[in-house]
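Working notes for the structure below.
None of the figures in this text is laboratory data; all of them are computed from the coordinates on show. Bear in mind the structure is a predicted one, so any value in this text is a computation, not a measurement. No Cβ is skipped: glycine too gets one built from the backbone with ideal geometry, and neighbour counts run over all protein chains shown.
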Amino acid sequence: MNYKDFLPNNSYTNFNDGNKKLLDELNKYRKENEELKNKIAILSNENIKLNKILSNFNSNNKQNNNVKTLNEIIKNKDIEINNLLKKLQNKNNINVKYSDIIYIHFISSDKKIDCHIKCLKTDRFAEVEEQLYEKYEEYRETNNNFIRKGELILRFKKICENNIQDGDEIQFVNW
């Protein structure tokens, strides 16, 4: 015996019809469910691609900002270079009177230094001292003083402010 024997004839048909409708509806939902899963997978892949694009855009945007910043720095440095070039041209274009050029005679007590250096009256003594050290490197790292006619020379004063004249002998004193 099976369950058909307990049902009236039309109930069995109704049961089969109801069951068939339910199975059709279940299959319809399964199909919709599969279609939605496929759409989710497609949208998920598209989302991943869009995130990569957005990440690249943000990276490029940061790079663009970095490029803009670097371009600003370059622009400012170009302006600074041009200003320095102008200053250099102005310095090179200074007309010097022949009478402003003097020679200073440096001499040490041990006679290791006996040197004439050409300079301008308006040069700072430290600039002339630097020229001396270019010729006598070994004295650069020592404590040195310079004396003219018994007076100590002040390094950061100009030649004329130290009352140094053309041909003056400057005593080099190494401590």
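Summing +1 for each Lys or Arg and -1 for each Asp or Glu, what net charge is found among the other residues whose Cβ lies under 15 Å from the Cβ of residue 72?
+1
How far is helix 125-135 tilted, in degrees, relative to the longest principal axis of the Cα atoms in the chain, given as a value from 0 to 90 rounded to the nearest 10?
Value to nearest ten degrees: 90.
Within 14 Å, Cβ to Cβ, of residue 60, how many net charges do the neighbouring residues add up to if Lys/Arg are +1 and Asp/Glu are -1?
+3
Packing-wise, with mean Cβ within 10 Å as the measure, how do 76-83, 130-137 rank, highest first?
Details: 76-83: 10.0, 130-137: 13.0.
Ranking the peptides 76-83, 130-137 by packing returns 130-137, 76-83.
If you place +1 on the Cβ of every Lys and Arg, -1 on the Cβ of every Asp and Glu, and leave all else neutral, what size is the dipole of the stretch 72-154 about its Cα centre, to the nearest 20 Debye?
420 debye
What angle do you read, to the nearest 10 degrees and between 0 and 90, between the alpha-carbon axis of helix 9-92 and the longest principal axis of the chain?
That helix lies at roughly 10 degrees to the long axis.
Where the only charges are on Cβ atoms (+1 Lys, Arg; -1 Asp, Glu), what is the dipole of the chain about its Cα centre, to the nearest 20 debye?
Values: 30 positive and 27 negative charges, 163 e Å.
Magnitude of the dipole: close to 780 debye.
Counting pairs of alpha carbon atoms under 8 Å apart in space and at least six apart in sequence, what relative contact order in percent does the stretch 98-174 give? Numbers along the way, then the final one.
Details: 124 pairs, mean separation 31.9, N = 77.
Contact order relative to length: 41 percent.
Semi-axes of the equivalent ellipsoid for the chain, please: Cα gyration tensor eigenvalues, times 5, square-rooted, ordered largest first, whole Å.
Its equivalent ellipsoid spans semi-axes of 105, 20, 10 Å.
What is the chain's relative contact order, in percent, from Cα pairs under 8 angstrom and six or more apart in sequence?
Relative contact order for the chain comes out at 18 percent.
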